[in-house]
Amino acid sequence: MRVLVKGAGVAGLTVAHELVRRRAEVTVSDRNLDFRHAASWLAGGMLAPWCERESAEAAVLERGRDSADRWDAILPGKVVRNGTLVVAASRDQNELKRFAGRTAGYRWLDEQDIAILEPLLAGRYRHGLFFPQEAHLDPREVMQSLKDGLLAKGVTFVGQVAEDDGFSEIVDCTGAARIGESPALRGVRGEMLYLQTHEVTLSRPVRLLHPRVPIYIVPRDKGLFMVGATMIETDFKGPIAARSLMELLNAAYTVHPAFADATVVETGAGIRPAFPDNLPRVTREGKTTSINGLFRHGFLLAPAMAAEAADLIFSGQDSDRSRQCA
Ligand SMILES: Cc1cc2nc3c(=O)[nH]c(=O)nc-3n(C[C@H](O)[C@H](O)[C@H](O)COP(=O)(O)OP(=O)(O)OC[C@H]3O[C@@H](n4cnc5c(N)ncnc54)[C@H](O)[C@@H]3O)c2cc1C
């Protein structure tokens, strides 16, 4: 079976991996082969289905709870299983209670527990929530490793390709580029930045709750921290807004004042593709299968959606059969 996968974001790369595993002959096309136009490049890489349940449907937790295991099977050793810490300033304790009321899989922490988990935050927060089953990965490292692995297995990466170029199957993973073509698909802009400092050490993603501007900080190697992210109902791709930059920086400073001396090494804005229910969909029409609508959960859910798409392709089910994350 010769398959063309369009789009080399997390959806395209994971489905290419799954198809190769099932012995398909795969070509991946992307208008930008350096990943930099993919929303995936800007992601936090949190595999946090219990925290996400605060605002997401139960299906996201159901589909995402084994995400770390799936990633370990795809790329052994890339997942960090240190859980998620959620904190709020003393004046925002109601936010913490509200978050706890909407989620599960956590335990309450007091000041001492927080200090044991993240020594740098000792004395800064009276209460917190710890989600021990959650994990995170570095999206950029993972994308490059996936690409390298696919190249080693004979997958070709190219720019634009004519669809009828002898391919028996097409998998469309072009994300937000389908807005306006795929019914009801919309964009939700996420602005983020990278800070670098060797004054701060965190072992896991830290979410700071706030009534207006909730943020998270995800530690990376070499003193890098990804700080995200805004949620703005637009598919405008331009650079980060001054207000967003200020809010993200203020929040990082609130988590720890040492972030004030960090270097801002990068800012960016990515468009999360989303359907009205914010759940991803695998659909199939003719010889084209689509994976889209990954919204805030591309890294969390792409391995599961890739397996579902591959099942659909290999089972040769009716062309109008479509599935939704449920
Ligand atoms: C700031 C931010 C933080 C996030 N944090 C997280 C997180 O912590 N955890 C999580 O699970 N998710 C997170 N997400 C969500 C996640 O990034 C998205 O759900 C995911 O990136 C969507 O992946 P995708 O492959 O569908 O799209 P993309 O990554 O956008 O990839 C689409 C690709 O298709 C290419 N393309 C477009 N048109 C064509 C064409 N005609 N032919 C060929 N190629 C084409 C594009 O160049 C692009 O490379 C975050 C998103 C943002 C913006």
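General remarks:
- Relative contact order of the chain, pairs being alpha-carbon contacts under 8 Å that are 6 or more residues apart, as %: 24
- Judged by the gyration tensor of its Cα atoms, with axes a ≥ b ≥ c, segment 151-198 is oblate; a/c meets the 1.5 cut and b/c is at least as large as a/b.
- Residue among Leu47, Leu146, Leu85 with the largest mean-square fluctuation in a Gaussian network model of the chain, springs linking Cα atoms under 10 Å: Leu146
- Three-way shape label, segment 1-49, alpha-carbon gyration tensor, a/c 1.5: oblate
- Scanning residues 5 or more positions from Phe157 or on other chains, those with amide H under 5 Å from its amide H are Val28, with H placed 1.01 Å from N in the peptide plane.
- Label-to-label distance, nm, for residues given as Gln144 and Gln196 (7 Å Cα→Cβ offset): 1.3
- The chain: most fluctuating residue of Leu279, Leu300, Leu33 per GNM, C-alpha cutoff 10 Å: Leu33
- Counted as membrane-span-like here are DSSP H helices of the chain whose alpha-carbon atoms extend 18 Å or more along the helix's own axis and whose Kyte-Doolittle mean is 1.0 or above; these are 298-315.
- Using Cβ point charges alone (K and R +1, D and E -1), the dipole size of segment 184-283 about the Cα centre works out to roughly 260 debye.
- For the chain, modelled as a GNM whose springs connect Cα atoms under 10 angstrom apart, the maximal fluctuation among Val218, Val227, Val80 occurs at Val80.
- Full-extension gain in nm, Asp261 to Ala89, via 0.36 nm per residue minus C-alpha separation: 59.8 nm
- In this simple spin-label approximation, Phe157 and Asp221 carry label points 7 Å from Cα along the Cα→Cβ vector, and these lie 1.7 nm apart.
- Dipole of segment 173-270, positive direction: furthest Cα of Leu249, Ala176, Gly190, with charges on the beta-carbon: Ala176
- Working note: 222 nm ellipticity from helices only, DSSP H runs with n ≥ 4, each -39,500 (n - 2.57), summed and divided by the residues of the chain, gives -8500 deg cm²/dmol to the nearest 500.
- Applying 0.36 nm per residue to the separation of Arg22 and Arg126 and subtracting their alpha-carbon distance, the gain on full extension is 32.4 nm.
- Whether segment 135-233 is rounded, prolate or oblate, judged on the alpha carbon gyration tensor where a/c under 1.5 counts as rounded: oblate
- In a fully extended conformation the segment linking Gln133 and Tyr253 would gain 40.5 nm over its present Cα-Cα distance, using 0.36 nm per residue.
We did not get these values from a lab; they are worked out from the coordinates using the rules stated. If you're wondering where the values come from, they're calculated on a predicted model, not measured in any experiment. FYI the Cβ positions are ideal-geometry reconstructions off the backbone, even for glycines, and counts take in every protein chain you see.
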